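Down below is the structure, laid out as structure tokens.
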Amino acid sequence: MIDAKEAVQIAKTKAAEMLGQASLYLEEIERESYKDREVWSITLSLPRYEDPIPHPLQILPVDRLQYKRFLIDAETGELVAIKLREVASR
């Protein structure tokens, strides 16, 4: 059984390996069930790379961060899934 601190470290390591992200920030930690497995849901924020030439019709400001949920098996520490975390409109 892994604890929350270990799950966060696994999520950060996997984000660095798989997404090439070194700049990561912890946003949320939650314990939940996913496909009949107990998992730690770790939400990390990552810098969003913007298009250097913005679209002329873009009116709304672009959030400079994107959010990813890393689902880590609470028993084994295995990465189960990476999901995009949608942010509610402000």
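What FRET efficiency would be calculated for the residue pair E78, D36, taking the C-beta separation as r and a Förster radius of 22 Å, to the nearest 0.05?
Between E78 and D36 the formula returns 0.95.
What trypsin sites (Lys or Arg not before Pro) in segment 1-48 are in a loop by DSSP, with at most 11 other Cβ atoms within 10 Å of the Cβ?
Those that pass, being in a loop and sparsely packed, are K35, R48.
Among V80, V8, V39, rank each residue by its count of other Cβ atoms within 10 Å, from fewest to most, as a rough exposure measure.
By the 10 Å Cβ count, ascending: V80, V8, V39.
Read-outs throughout are calculated quantities, based only on the coordinates presented, and are distinct from any laboratory measurement. The model shown is predicted, which means the values in this text are computed figures rather than measured ones. Methodologically, a virtual Cβ is constructed for each residue, glycine included, from the backbone with ideal geometry; neighbour enumeration extends over all protein chains shown.
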